[in-house]
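The values are calculated or read from the model by the stated rules, or taken from the named source; none is laboratory data. Just so you know, these numbers come straight off a predicted model, no measurement behind them. Cβ coordinates were reconstructed from backbone atoms using ideal geometry, including for glycine residues, and neighbour counts include every protein chain displayed.
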Amino acid sequence: MGIDKRSGKAYYLTMKDFRIRVYGHVWAQELLRRAVQQGATRHAYLFAGPEHIGKMTLARAFAQALTCEHPTGQEGVGACGRCRSCRLTAEGMHPDHRIFAPEGSQLRIDQIREVVREAALSPVEGRYKVFIITEFERANVNAANALLKTLEEPSASTRIILISHQPSGLLDTIISRCQLLRLRPLPEREIVSALQEQHGLSELDALRLARLSNGRIGRALALAETPDSWQSYNQRLQEMQAILRYSPAQRIAHAQMLEKHPQLETILQEWLMWWRDVLLLQMQAPDLVLNRDHLAELTHLAQTIPGPQIRRFIEATMTTAGYLRKNVSRPLAMEALLLKAPKHG
Ligand SMILES: [Zn+2]
């Protein structure tokens, strides 16, 4: 607090809050916060879970709390968000934090050797040196083994956070030396509030993005940040409606193109949301429709395609989305799905 010289009134300095905000994963944030505040953190952690759910953000927030000068916060992972160390972390400039990611398709052994070498040194500024290694499943056996000794006999001031989308691909010897935190996709509600808080989206737009992202907060935020994302969204909806007019041969050709699409999972979510809207219109529930800016097209489909056909296609789309997660042949799954799309026009 200070005193304003001219008015003589007391004022509070408005200090920027540099805390790294983590959405969801409340149990993990609490667990890490308690460990930080009790001085009981483990030497190594493994954050495992699907892509784009915020594992890296959680790791960065944890690193921030580990080196924070006053980690007594009662929210998030406990960093104060005000000290020099917290600011450096937020700016990605902390000298005691190192983030390693695969270069090309692999985490290379010389990257891991760099971790090992630096882990033996004392921190520059704070209590800990923190190493975050992401996509650790991309470390081959030699690289993973190179880290083992550091995980077994870490220096007291080193903390290592491994991140993996596919922990089943990791060596047991690695997993057993880490505290494993299994993280899950976020509930729709939490993504909606994150989108509203960060981007001031309307309830409807936020809900639509939350649905599309399927619990992947990173994807939802990226969509909200990309100015042309709505444009390409609308374009993909046009393409989907064109499929309804295609012959079987055209459908197969289109399936072969679609199966290579990097965002195929999102596209199927878009289709589900679209056909759900058509069904809702058939059921006289227009208030629940999410694609309200496409009401004319949706209404036309609702009036011309029989309900059972729509239901069958929705089921087939859900089944296909499940297949894709299980690495079933993508071309075959997509061909079968497109052949089941309703015929129209
Ligand atoms: Zn701090």
1 or more residues over 19 Å from the mean Cα position of the chain (by Cα), within 18 Å of A333 (Cβ to Cβ) and of a type in the set (S, T, N, Q): qualifying helices (runs of 4 or more DSSP H) within segment 210-270: 248-258
Residue check for G81: within 16 Å of the ligand (Cβ to nearest atom) and on the phi > 0 side of the Ramachandran plot: yes
Test for R138: is it under 21 Å from the mean Cα position of the chain (by Cα), among the basic types (K, R) and either within 25 Å of L31 (Cβ to Cβ) or surrounded by fewer than 17 Cβ atoms within 10 Å (Cβ to Cβ) (or both): no
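Quick one: count up the residues across segment 58-73 that are surrounded by fewer than 19 Cβ atoms within 10 Å (Cβ to Cβ) and more than 13 Å from Q38 (Cα to Cα).
1
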Answer residue from segment 84-105, given it is under 23 Å from L31 (Cα atoms) and away from the ligand (no atom under 16 Å from the Cβ) and is nearest to the chain's Cα centre (by Cα) among those: I99
Breaking point among (1) surrounded by 15 or more Cβ atoms within 10 Å (Cβ to Cβ); (2) more than 14 Å from the ligand (Cβ to nearest atom); (3) at pLDDT 95 or above; (4) under 29 Å from L195 (Cα atoms), for R34: (1)
Which listed residue, of R108, R127, R184, is among the basic types (K, R), touching a residue at least 24 places away in the same chain (Cβ under 8 Å) and within 16 Å of the ligand (Cβ to nearest atom): R127
Residue match in segment 60-72 (condition: in contact with a Cys (Cβ under 8 Å, 6 or more places away or on another chain), under 27 Å from L148 (Cβ atoms) and more than 11 Å from the ligand (Cβ to nearest atom)): no
Residue pairs meeting the criteria (Cβ under 9 Å; at least 6 apart or on separate chains; first closer than 15 Å to I161 by Cβ and without any contact (Cβ under 8 Å) to a residue 60 or more places away in the chain, in segment 84-97; second among the basic types (K, R) and away from the ligand (no atom under 13 Å from the Cβ)): D96/K129; H97/R60; H97/K129
Residue match in segment 196-215 (condition: more than 19 Å from W271 (Cα to Cα), surrounded by 17 or more Cβ atoms within 10 Å (Cβ to Cβ) and in contact (Cβ under 8 Å) with a residue 40 or more places away in the chain): no
